[in-house]
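*Asks:* One structure follows; several queries about it will come next.
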């Protein structure tokens, strides 16, 4: 059972984006009083670049690896259940 939990945790960590751990930690921002703030125009929207062929291939590869990991985890769990049933008899 412990192996199944560890395998599930690894699958979840595998699918997290790389910057997810760093995104939660934000430095403390010291805001200046209103009178000291400068009057600058806000920055415009950032436009992300469209995904490239390399990104699509990488996403497909990660999906295939994830599916394989889940299938292997299922095989392991079924094997442990079958062994436990044989041992009980």
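Each value in this text was obtained by applying a stated rule to the coordinates, not by laboratory testing. Here the structure is a predicted model, which means the values were calculated and not measured. Glycine gets a Cβ as well: all are built from the backbone with ideal geometry, and neighbour counts include every protein chain shown.
*Asks:* For residue 68 and residue 15 in the same chain, what is the full-extension length gain: residue separation times 0.36 nm, less their Cα-Cα distance, in nm?
*Replies:* Details: separation 53, 0.36 × 53 = 19.08 nm, distance 1.32 nm.
Contour length minus Cα-Cα distance gives 17.8 nm.
*Asks:* Hey, another quick one. Spin-label point model (7 Å from Cα, Cβ direction): what's the residue 60 to residue 46 distance in nm?
*Replies:* 2.9
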